[in-house]
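**Student:** First the structure, then my questions, so here it is.
The values are calculated or read from the model by the stated rules, or taken from the named source; none is laboratory data. Computed from a predicted model, the values in this text were never measured in an experiment. All Cβ positions, even for glycine, are placed from backbone atoms using ideal geometry, and neighbour counts span all protein chains on display. We work out accessible area using only protein heavy atoms, side chains counted, and drop any ligands, DNA or RNA first. Shrake-Rupley method; radii C 1.70, N 1.55, O 1.52, S 1.80 Å.
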Amino acid sequence: MSIFTRTPYISLYNYGPVAVVSEYFFYFMVYSFLGWVLEGTYNLYSQGTFRKEGFLRGPFKPMYGLAPLLLLATRDLGVPLPIFLLCALLIPSAVEYASGWLLQKAFHKQWWDYSGMSYQLHGHICLRFSLYWWMLSIACVYVLQPLMVLLYRQVGVVWQIAMPLVILLFSADLLWTCWTRARGQKEMELGEG
């Protein structure tokens, strides 16, 4: 089922482009939260603590929200399965690399580092985790996304009412994080001089 297939409830936004954005933003937020849970669980297993510092202060990992949306859009373009499977490997790795590179350039900090692993690129991506993301991506598109569509059908009306508040909270987290991290970086630079 395409994510562009409208759900059978009355939309506050009359099924136009805003309805599509609303639905996509719902998926983005759910997948970003699930990414936070996934990383926390992996950190609990590997480090003994659930809490792992992320870029945002809140319980969201945006790259886990962006990669599934790009994969869903790719799938909905009707690309042949072998090409889609290749995209399921490349898209999450590209998102992870771009995220790591941008965060390092903007905030002079590397939140994850694969440099000690085989077949890595600048410490931002490595073959082992790219293969993990590939398997998770396929499961996400073919197993989890149909459940997300059903969930959205159940909560879509409530979501459209709550969405402005969610956007406000997510934006506040993003702005606060950028401001505090930039300020912290300036304080470090002043302390070094």
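**Student:** List pairs: first in the stretch 103-122 and within 17 Å of Thr177 (Cβ to Cβ) and open to solvent by less than 70 Å² (accessible area, probe 1.4 Å), second part of a loop (DSSP other than H, G, I, E, B) and among the basic types (Lys, Arg), Cβ under 8 Å, 6+ apart or cross-chain?
**Tutor:** From residues that are within 17 Å of Thr177 (Cβ to Cβ) and open to solvent by less than 70 Å² (accessible area, probe 1.4 Å), the pairs are Leu103/Lys109.
**Student:** Open to solvent by 50 Å² or more (accessible area, probe 1.4 Å) and either at positive phi or over 15 Å from the mean Cα position of the chain (by Cα) (or both): is that true of Leu175 in this structure?
**Tutor:** Answer is yes for this residue.
**Student:** From the list Ala94, Ala88, which residue is out of contact with any Gly (no Cβ under 8 Å at 6 or more places or on another chain), part of a helix (DSSP H, G or I), among the small types (Gly, Ala, Ser) and touching a residue at least 24 places away in the same chain (Cβ under 8 Å)?
**Tutor:** Result of the check over Ala94, Ala88: Ala88.
**Student:** Starting from the stretch 156-176, keep only residues that are under 19 Å from Gly58 (Cα atoms), then list their pairs with residues that are open to solvent by 30 Å² or more (accessible area, probe 1.4 Å) and in a helix (DSSP H, G or I) whose Cβ atoms are within a distance under 7 Å, requiring at least 6 positions of separation or different chains.
**Tutor:** Going by the 7 Å Cβ cut-off, the qualifying pairs are Met163/Phe25.
**Student:** Among the residues of the stretch 42-59, is there at least one that is modelled with pLDDT of 90 or more and polar (S, T, N, Q)?
**Tutor:** No, that holds for no residue.
**Student:** Out of everything in the stretch 103-152 that is among the aromatic types (Phe, Trp, Tyr) and in a helix (DSSP H, G or I), what residue ends up being farthest from Gly65 (Cα to Cα)?
**Tutor:** For the stretch 103-152, the residue satisfying everything is Phe107.
**Student:** Here is a check on your reading of the model: is Ser46 closer than 28 Å to Gln145 by Cα, surrounded by fewer than 16 Cβ atoms within 10 Å (Cβ to Cβ) and among the polar types (S, T, N, Q)?
**Tutor:** Criteria met by Ser46.
**Student:** Only one of Leu147, Leu136 is over 20 Å from Glu53 (Cα atoms), without any contact (Cβ under 8 Å) to a residue 40 or more places away in the chain and open to solvent by 40 Å² or more (accessible area, probe 1.4 Å). Can you tell me which?
**Tutor:** Matching residue, one of Leu147, Leu136: Leu147.
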